[in-house]
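What follows is one structure encoded as structure tokens, with my remarks underneath.
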Amino acid sequence: MLMPKMLTTRVSLRVLRSSRALSSARSRVKIIGSDDAYTQIATEGSGRKAIVYFTAKWCPPCKMIGPIYDELSAKYEGIDFAKLDVDELNDTTSKAGVRSMPTFFYFKDGKFQQSLSFSGADEELLRNNVKQLNDM
């Protein structure tokens, strides 16, 4: 009886990995590689909407929420999705006031949307806030 259950688990893991790979393949997330790139995406105006995701490779909650962020980037084409590695851009992270990961900063018309921005791996909050930004 253990054999079929083990087989099912392996198949389930393969399906899960495949769906994550597919989700990542459609991702529109831009990698922020400099302070200037962060400033540009955060200050672009005239109808622009953007989200910056502060993350780290060693952060377990970031690994959990990352595929959801990728999925949302494929769904909401009117929003610019960006990702910033806090270890690679430590000065930028400090200037932005980010103290924990993951952190999501929302921008509309070059203005920081504090009411939508948050820290944590709350999938429901992420989905709701992306939808709210999209509807603004």
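Coordinate-derived values only; no laboratory data. Keep in mind that what you see is a predicted model, and the values were worked out from it rather than measured. Reconstructed Cβ throughout: ideal geometry from the backbone, glycine too, with neighbour counts over all protein chains shown.
Summary table
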| quantity | calculated |
| --- | --- |
| Bridge type composition, the range 27-135 - antiparallel percent by DSSP, nearest 5 | 55 percent |
| Largest-first principal axis extents of the Cα set of the range 27-135 (Å) | 33, 28, 24 |
| Isotropic mean projected area of the C-alpha convex hull, the range 80-136 (nm²) | 4.1 nm² |
| Partner aspartates and glutamates for Lys131 [C-alpha distance under 12 Å; skip if fewer than 8 residues away on the same chain] | Glu77 |
| Unsatisfied cross-links (Cα-Cα over 25 Å) in the set Lys75/Lys95; Lys57/Lys95; Lys57/Lys111 | Lys75/Lys95; Lys57/Lys111 |
| Least to most buried among Phe107, Phe112 (fewest other Cβ within 10 Å first) | Phe112, Phe107 |
